[in-house]
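Have a look at the structure below, then the notes.
The values are calculated or read from the model by the stated rules, or taken from the named source; none is laboratory data. All of these numbers come straight from a predicted model, not from anything done at the bench. Every residue, glycine as well, gets a Cβ built from its backbone with ideal geometry; the counts of neighbours run over all protein chains shown.
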């Protein structure tokens, strides 16, 4: 395995695993009040474009990485979109 492949593999692993703590916390608490909707929309769209790029290239490492990131990101985005303003339990609990 060459250096380029190692760097690509580590980058793919880190960017994929980076979604896991936020997705876990969001699913567990159902709290998305502190998350930026525009940020997650842009991240999700960017991930979808990376996935399309990987499919066009036939590069399975790009496809797999962005498929997993897209799935985790879509869960977070979905929970953010269905949240009703002012009903977030964590935000309500922090009010004085």
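For segment 24-42, how many residues meet the condition of being assigned to a loop (DSSP other than H, G, I, E, B) and closer than 11 Å to residue 79 by Cα? Here the count works out to 5.
Identify the residue in segment 48-95 that is under 18 Å from residue 37 (Cβ atoms) and in a loop (DSSP other than H, G, I, E, B) and, among all such residues, is modelled with the lowest pLDDT. Once the filter is applied, the top-ranked residue is 88. Among the criteria (1) touching a helix residue (DSSP H, G or I) at 6+ places or on another chain (Cβ under 9 Å); (2) at pLDDT 90 or above, the one residue 19 does not fulfil is (2).
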